[in-house]
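One structure is given below, encoded as structure tokens.
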Amino acid sequence: MKITHKIIGSKRVYDVRGYLGKYTDINGNTKTKTYHHGGFGSSKAAKLAFDRAKVEFDQRKNNPAAIMDNPTFDEVYEIWLKTYKLGVKESTLNRVEGIFKHHITPSFGGIRINTITWQKCQEEALKWRESVKQFNKLAQYAALVFRTAQKMGVITTNPMKLVDVPKVPVDYSKDKAADNFWTAEQLATFLSVVDATDGHRTQPRYDRSALFYLLATTGMRKGEALALTWSDIDFKNGMVTISKTISRSIDNHQIISTPKTRNAYRTLSLDSSTIDRLKKYRKSLVVIPRAKDLIFTNKKGQIMSVMTPNHWLEALIGETDLPTITVHGLRHTFASIQVANNINVKALQMQMGHSDIKITLNIYAHLSQQELSAQVYDMSKILAQ
């Protein structure tokens, strides 16, 4: 420790600097911590301030986040991420790290977090609003980093919590998701085309019909279907057990993981047409599959790319006059047909594996005008009484 002084006007002002010790930062690097402050009225006050800083450092040196000098947003983000990653699936972590990499870090990354104002946050949030559909998610994740800085004592107020960005008005007349399903008749046409196209080849194939019948008659998600093994199919009782799904690893590779919610674990009934196509597909395989083998694989016997069913569907629709839908549209189709046939809402929630019944209730908005009219009770029957 070294104490110096200088004369300012008629007063003697003291300055103290010194070595507090070493600590390991959040990245495992050894760093040195020093102390330097001035403006003291006496050498005794300067020494007392240094001694207090030394005691505080010794108490906090095992918590590198607590002794960081004026950290940047990126540095605080790394501290937050260490805890956050412990409580989420690898696929979620992959998605969130992507959000920070492509959107949040370019906005705040190298800026000292205690200099970021709510006006700066407002400005960036408005930019996100123009380029990202779920821009509010970005604001929520950024707010978690600022909250960590609050816990560290670096800032007192969370500037992202003061941001007020209006929602983007939705033009429901241009809502493509509302048209992403077929009627029962259109679905039947599609499935007959799949059978005819693949069954009349020189070497018939049954993988596409097995997959599309499975999706169309159960409403399961594409990732759930591609994660199925033969042991998940109970041919005797006509059931399929869903306990896995396809997700992305931290290095962006496809992996098989457990579902995100409890309701996604479920056992569904299979109709005879779907069972028949699964049996034909299994029989057509060159090598008899083991119970633990995936049902749908690529040519190397590995996890099928989630893009493959998309390409299959696009090609098959191209051979018809049917409106274009996505593979997820088959799930919507299943649900809308069930709704049109008066399925119990709770039963549909369990079939679809929805975590929240509100998601299930939104399916009712996908009813066509003709189906909606058929569901509404004729008021004239009451008024005529």
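The string of couplings for segment 210-216 from the Karplus curve (6.51, -1.76, 1.60, θ = phi - 60°) is 4, 5, 5, 5, 4, 5, 6 Hz, one whole number per residue in order, with x for Gly and Pro.
Excluding residues on the same chain fewer than 8 positions from Lys299, give the lysines whose Cα lies under 21 Å from its Cα. Within the straight-line limit of under 21 Å, Lys299 reaches these lysines: Lys222, Lys279, Lys280, Lys283. Residues of the chain were split at every exposed loop site, defined as chymotrypsin sites (Phe, Trp or Tyr not before Pro) in a DSSP loop with at most 15 other C-beta atoms within 10 angstrom, and the longest piece left, sites excluded, is 1-234.
Once the chain from Leu126 to Ile7 is taken as fully extended at 0.36 nm per residue, the excess over their C-alpha distance is 37.8 nm. Cβ-to-Cβ counts within 10 Å put Val168, Val287 in ascending order as Val287, Val168, the fewest first. Which part of segment 101-139 falls in the paramagnetic zone of Lys358, meaning amide N under 13 Å from the point 7 Å along Cα-to-beta-carbon? None, by backbone N distance to the label point. Using just its DSSP H runs of length 4 or more, each adding -39500 (n - 2.57), the chain gives a mean residue ellipticity at 222 nm of -13000 deg cm²/dmol after division by all residues. Counting only the backbone N, which residues of segment 9-23 are under 19 Å from the spot 7 Å out from the Cα of Val55 toward its beta-carbon? Residues 16-21 fall inside that zone. Put in line by how crowded their Cβ is, counting other Cβ atoms within 10 Å and starting with the fewest, Lys292, Lys31 read Lys292, Lys31. Each Lys and Arg adds +1 at its Cβ and each Asp and Glu adds -1 at its Cβ; summed about the Cα centre, segment 177-374 shows a dipole of about 900 debye.
GNM on the chain, alpha-carbon springs under 10 angstrom: the most fluctuating residue among Lys222, Lys44, Lys167 is Lys44.
Modelled spin-label separation between Thr32 and Val193, with each label point placed 7 Å from Cα along the Cα-to-Cβ direction: 7.3 nm. Taking every C-alpha pair closer than 8 Å and separated by at least 6 residues, the mean separation divided by the residue count of the chain gives a relative contact order of 12 percent.
Using the Cβ-Cβ distance between Thr324 and Ile111 with R0 set to 45 Å, the FRET efficiency works out to roughly 0.50. In this structure, the amide hydrogen of Phe40, modeled 1.01 Å from its nitrogen in the peptide plane, lies closer than 5 angstrom to those of Tyr14, counting only residues at least 5 positions away or on a different chain.
Per-residue Karplus couplings for segment 342-351, computed as 6.51 cos²θ - 1.76 cosθ + 1.60 with θ equal to phi - 60°, are listed in order as 6, 5, 5, 4, 5, 5, 5, 4, 5, 5 Hz, Gly and Pro entered as x. Spin-label model, Val168/Asn70: points 7 Å from Cα along the beta carbon direction are separated by 3.8 nm.
In a fully extended conformation the segment linking Arg262 and Ala184 would gain 25.1 nm over its present Cα-Cα distance, using 0.36 nm per residue.
Pair-distance distribution P(r) for segment 167-321, from all Cα-Cα distances in 5 Å bins starting at 0: 1, 8, 16, 20, 19, 16, 10, 5, 2, 1, 0, 0 percent. On the beta carbon distance between Tyr19 and Lys101, with R0 = 35 Å, the FRET formula returns roughly 0.40.
For segment 254-293, the Kirkwood hydrodynamic radius comes to 13.0 Å, computed from all pairs of different C-alpha atoms. Here the chain is treated with +1 on each Lys and Arg Cβ and -1 on each Asp and Glu Cβ, and its dipole about the Cα centre works out to around 2160 debye. Label separation (Ser43 vs Thr241): 8.0 nm, computed from points 7 Å beyond Cα along the C-beta direction. Listed here are the pairs Lys101/Lys133; Lys89/Lys358; Lys11/Lys61; which of them are more than 27 Å apart at the Cα? Over 27 Å apart, Cα to Cα: Lys11/Lys61.
About its Cα centre, what dipole magnitude does segment 73-162 give when the only charges are +1 on Lys and Arg Cβ and -1 on Asp and Glu Cβ, stated in debye to the nearest 20? Roughly 260 debye for segment 73-162.
Bear in mind these aren't lab numbers, they're just calculated from the coordinates by the rules spelled out. What you see is a predicted model, and the numbers here were worked out from it, not measured in a lab. Every residue, glycine among them, receives a Cβ derived from its backbone with ideal geometry; neighbour counts consider all protein chains shown.
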